[in-house]
Amino acid sequence: MNKPKHIDPLVYFSQHENCLAIAAQTPIELDQFERPFYVYSKQRIKQKLVALRATMPASIQLHYAVKANPMADLVAWLSPHCDGLDVASGGELQNVLNLGIAGENISFAGPGKSLDELKLAIESDCTLNIESETELKRVIDLSQHLKKTAHVALRLNPDFELKSSGMQMAGGAKPFGVDAETALPILEKILASGLNFRGIQIYAGSQNLSANAINEAMTQTFALGAQLSQELGQPLPCFNVGGGFGVPYFAGQEELDLAAVGQHLHTLMQDYASVFAETDIILELGRYLVADAGVYLCKITDKKISRGETFLIANGGLHHSLAASGNFGQVIRKNYPVLIANKLQATDNSDLEKVTIVGPLCTPLDILAKHIILPKADIGDYVAVFQTGAYGYSASPKDFLGHPAAHEILL
């Protein structure tokens, strides 16, 4: 079977008179600020949640990784639909707490946590995923000083990788967690310290589109969790098995076979039913929930031809959507799905043109789409960059060259 030549982003959204519509609103109706903006679709996120709940074992808890998209309105709306939130900094933790979300529903991972971050986590009853023996000692000392019992889990760096991942987070030498072969004495130290032991976390990798690779890693993850539980001689209260579910961005990529992953997790839950009978199994997802729910929209401000090549110049670019522009330069640059939002379809081939879409920054790296064929666009038309709901605005250099900030809308 031939792989698709491109991703069709319109399957997630609707159209109105040849114009993109999100929650029945077009970019023209949404553009109230005369600056680039992101739109996030509740409907698309709901579709992902429904699919996950229907496919995964019913007893598995679903956590949202806030770093994927920390927009306050989105996190506040999404939180009741999930079983918990995972943060990766004191700033994220404080922002989530400010939304009125209880610390007992939050876990905090990441190397190099400061004393202030550890203190905030302890005081708010957040679960700290311990990343090193040094960090454990600091938490024990702080817990005694504050006269408050810290809730802690141990993050493990296993000796296996999540193959085919866009970003490896485990296996080999890593700054994340403690090596699995050294974990048992550290776990025993946690139990002896009087801290509230909340279990273990393993996060092997991210942005993975291979069900086989995810299933292989999950098999090893469950085996390692079971081994440590048996060596400790007690059940794990919680077991965060990570996630890493990916989404397609580029031509030729296919969606993750969610059904295959779900079936394998059903099998693992049955195989380890006795070991994890008293354990909350947690699946931690970020990108998978929100990536294709986001669209970055900016307006064409100029159109020019340079030595036979047509350029569309927009008021938005890499300072708002770094990943879509190629992350400050890549050896092989690939286009995210891009359309002219108010001219989705051309009337015929004569109404198409090959263009390069660039932003307003004074750098040749500011490219939103290169040599792409689209309906002929004019000044004032809208460029839509899809698949930008995760690691989009918050992961971009907003202050680079001092251009106006983007706006964010949840619909």
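Restricting to the stretch 389-405, and then to whatever is assigned to a loop (DSSP other than H, G, I, E, B) and among the aliphatic types (A, V, I, L, M), can you tell me which residue is surrounded by the most Cβ atoms within 10 Å (Cβ to Cβ)?
Only one residue tops the list, namely ALA390.
Out of curiosity, is LEU195 at pLDDT 95 or above and in contact with a Ser or Thr (Cβ under 7 Å, 6 or more places away or on another chain)?
Yes, satisfied.
Pick out the one residue from ASP257, ASP292, ASP302, ASP280 that is over 23 Å from the mean Cα position of the chain (by Cα) and of a type outside the set (Val, Ile, Thr).
None of the others qualify; the one that does is ASP302.
Residues in the stretch 35-53: is at least one surrounded by fewer than 18 Cβ atoms within 10 Å (Cβ to Cβ) and in contact with a Lys or Arg (Cβ under 7 Å, 6 or more places away or on another chain)?
No, there is no match, as no residue in the stretch 35-53 is surrounded by fewer than 18 Cβ atoms within 10 Å (Cβ to Cβ) and in contact with a Lys or Arg (Cβ under 7 Å, 6 or more places away or on another chain).
For ALA251, are the conditions met, namely being over 19 Å from ILE202 (Cβ atoms) and either at pLDDT 95 or above or polar (S, T, N, Q) (or both)?
Here the answer is no, as ALA251 does not meet what is asked.
Being of a type outside the set (A, V, I, L, M, F, W, C) and out of contact with any Ser or Thr (no Cβ under 9 Å at 6 or more places or on another chain) is the filter; apply it to the stretch 126-143 and report the residue that is surrounded by the fewest Cβ atoms within 10 Å (Cβ to Cβ).
Going through the qualifying residues, I end up with THR134.
Filter the stretch 56-94 for residues that are surrounded by fewer than 17 Cβ atoms within 10 Å (Cβ to Cβ) and either part of a helix (DSSP H, G or I) or in contact (Cβ under 8 Å) with a residue 12 or more places away in the chain (or both) and give the result.
Residues satisfying the conditions are PRO57, SER59, GLN61, ALA72, ASP73, ALA76, TRP77, PRO80, HIS81, ASP83, GLY91, GLN94.
For the structure I just gave you, tell me whether THR310 is of a type in the set (S, T, N, Q) and under 26 Å from the mean Cα position of the chain (by Cα).
No: the conditions fail for THR310.
Restricting to the stretch 266-315, what's the tally of residues that are surrounded by 22 or more Cβ atoms within 10 Å (Cβ to Cβ) and aromatic (Phe, Trp, Tyr)?
Total meeting the criteria: 2.
For residues in the stretch 140-158 being at pLDDT 95 or above and in a loop (DSSP other than H, G, I, E, B), which is farthest from SER107 (Cα to Cα)?
LYS147
Out of curiosity, is ALA23 hydrophobic (A, V, I, L, M, F, W, C), more than 27 Å from ALA211 (Cα to Cα) and not assigned by TED's automatic domain parsing to the domain that holds LEU268?
Here the answer is yes, as ALA23 does meet what is asked.
Give the residue, chosen from GLY205, GLY233, GLY246, that is in the same structural domain as ALA109 (by TED's automatic domain parsing), small (Gly, Ala, Ser) and closer than 27 Å to LEU118 by Cα.
Going through GLY205, GLY233, GLY246 in turn, just one is in the same structural domain as ALA109 (by TED's automatic domain parsing), small (Gly, Ala, Ser) and closer than 27 Å to LEU118 by Cα: GLY205.
The values are calculated or read from the model by the stated rules, or taken from the named source; none is laboratory data. Note that the coordinates shown come from a computational prediction; the quantities given were computed from them, not determined experimentally. Heads up, the Cβs are rebuilt from the backbone with ideal geometry, glycines too, and the neighbour counts pull from every protein chain shown.
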